[in-house]
Amino acid sequence: MRMLALSLGLALLCLLHTEAAATVPDRSEVAGKWYVVALASNTEFFLREKDKMKMAMARISFPGEDELKVSYAVPNPKGCRKWETTFKKISDDGEVYYSEEAEKTVEVLDTDYKSYAVIFATRVKNGRTLNMMRLYSRSPEVSPAAMAIFKKLTRERNYTDEMVAVLPSQEECSVDEV
């Protein structure tokens with residue numbers, strides 16, 4: 001659960017990154033509440049814990065010109081774990097952010113900024129590179145088209161069906177109270 005929680009922040013940060021031909025969206029299109037509805041990873045922790053995971057929530061805001069703040073709410077066996085992380089912009093080639101605390105990079109693989117985003121996060125921990133792909137949605141019910149895009153991208157990144165989890169919704173843990 002710790003890796004999921006730590007990965008949420010920077011994954012959401014890359015919501016600002018667009019494909020080279022696209023324009024950077026207005027921050028108002030990115031800000032607000034997002035649901036983490038599906039994950040893909042080959043890490044030992046994820047493969048061991050994925051059946052216990054529930055949908056997480058995050059809220060994106062912009063406290064400064066080159067800052068992005070993400071508030072998290074992740075259900076766990078002890079209730080609801082909540083925290084906030086502020087990230088700094090590190091690239092003028094698209095919108096890329098980094099948090100020293102999490103030591104992560106992120107990239108948007110596909111998004112429409114209004115209803116879904118597929119995010120790929122990389123973190124180096126103890127000399128090992130950990131990767132996770134996430135599907136974010138503006139609502140707990142993701143569209144079939146967004147889910148199809150997510151599944152296509154997981155196959156392109158060599159994730160098997162066993163490495164993918166569609167997360168059940170949860171009501172007990174909300175970013176509205178962070």
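Okay, here's what the table says:
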read-out	value
Accessible area expressed per residue, region 27-166, with surrounding protein chains retained (probe 1.4 Å, Å²)	51
Listed residues Thr154, Thr111 arranged by accessible area, highest first, probe 1.4 Å	Thr111, Thr154
Whole-Hz ³J(HN,Hα) from phi, Karplus 6.51 cos²θ - 1.76 cosθ + 1.60, for region 55-62, glycine and proline x	4, 9, 10, 8, 10, 9, 9, 10
Whole-number D in µm²/s for region 27-166 (Stokes-Einstein; Kirkwood sum over Cα pairs; 10 °C, 1.306 mPa s)	100
In nm, spacing of pseudo-spin labels at Lys82 and Lys52 (7 Å Cα→C-beta vector)	2.3
Virtual spin-label span in nm between Glu172 and Phe45, 7 Å along Cα→Cβ	2.1
Amide proton proximity set for Ala56, modelled H, under 5 Å, gap of 5+	Val36
Region 27-166 - percent of accessible surface contributed by carbon and sulfur, probe 1.4 Å	46
Placed amide H near Ile90: partners under 5 Å, 5+ positions off or other chain	Val96, Tyr97, Tyr98
Under 5 Å, built H, 5+ apart or other chain: amide partners of Lys104	Ser99
Furthest towards positive pole of dipole, Leu68, Thr105, Trp34, structure part region 27-166, Cβ charges	Trp34
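The values are calculated or read from the model by the stated rules, or taken from the named source; none is laboratory data. The structure presented is a predicted model; accordingly, all values stated were derived computationally and were not measured. FYI the Cβ positions are ideal-geometry reconstructions off the backbone, even for glycines, and counts take in every protein chain you see. Surface areas here come from the heavy atoms of the whole protein model, side chains and all, with no ligands, DNA or RNA. Shrake-Rupley method; radii C 1.70, N 1.55, O 1.52, S 1.80 Å.
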